[in-house]
1. List the number of the failed condition for residue 93; all other conditions in (1) at pLDDT below 80; (2) loosely packed, with under 11 Cβ neighbours inside 10 Å; (3) closer than 30 Å to residue 132 by Cβ hold.
2. Those residues that are hydroxyl-bearing (Ser, Thr, Tyr), closer than 17 Å to residue 68 by Cα and in a strand (DSSP E or B), I need them from segment 121-143; list them, please.
3. Given the conditions (1) within 16 Å of the chain's Cα centre (by Cα); (2) under 16 Å from residue 135 (Cα atoms), and given that residue 99 satisfies all but one, which numbered condition is not satisfied?
4. Of 99, 147, which residue is more than 30 Å from residue 39 (Cα to Cα) and either outside any loop (DSSP other than H, G, I, E, B) or at pLDDT below 95 (or both)?
5. Hey, can you tell me all the residues within segment 52-85 that are closer than 16 Å to residue 124 by Cβ and free of Cβ contacts under 8 Å to residues at least 40 places away in the same chain?
Amino acid sequence: MKNIINTAKIQLKYFLLLFVIGLFVQSCEKDDLEIQQNYPFKVSVMPVPKDIVKDEYVEIRIKILPEGNFADTKYYLRYFQFEGTGKLQYYNTQPYFPNDIYPLYEKEFRLYYTSTSEVSQSFTVWLSDSFGNENKIEFQFNNKKLNG
């Protein structure tokens with residue numbers, strides 16, 4: 001009789017152990033895990049001059065600051081010039097076309113804006129990520145008159 005009771009206790013312990021392991025495995029299945037991938041981001045921009053003359057360029061230093069880290073997040077840039085004329089480019093690449101989307105390969109980078117007009121100039125730079133988060137940066141340069 002004692003052997004039957006001991007055997008029953010052992011079987012009960014194994015059953016409870018298997019039950020707890022089953023709950024743990026079920027709760028850890030890949031489909032049930034929620035991994036956050038979508039993190040909003042902020043943008044830091046170093047100060048830029050307020051005045052520019054025709055054919056002069058301004059360096060714009062930008063840093064993307066995500067609130068979290070997901071390695072597969074991709075970032076993009078597009079810009080739109082709504083006053084004056086100029087060229088915006090990434091380092092020494094070809095100038096960007098307005099409203100086209102360009103991939104960014106770094107979270108910290110420099111853009112170069114070159115004035116091609118003798119009037120005030122305004123444009124916006126839109127930074128977005130692969131999850132639809134977006135930030136808008138506005139730039140305005142006054143025409144600087146050269147004294148000759």
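The values are calculated or read from the model by the stated rules, or taken from the named source; none is laboratory data. Note that the structure is predicted; figures quoted are calculated from it, not measured. When we count neighbours, we look across all protein chains shown, and the Cβ atoms used for this are built from the backbone with ideal geometry, even at glycine.
1. (1)
2. Once the filter is applied, which keeps residues that are hydroxyl-bearing (Ser, Thr, Tyr), closer than 17 Å to residue 68 by Cα and in a strand (DSSP E or B), segment 121-143 yields only 128.
3. (1)
4. Just a single option satisfies the conditions, and that option is 147.
5. 85
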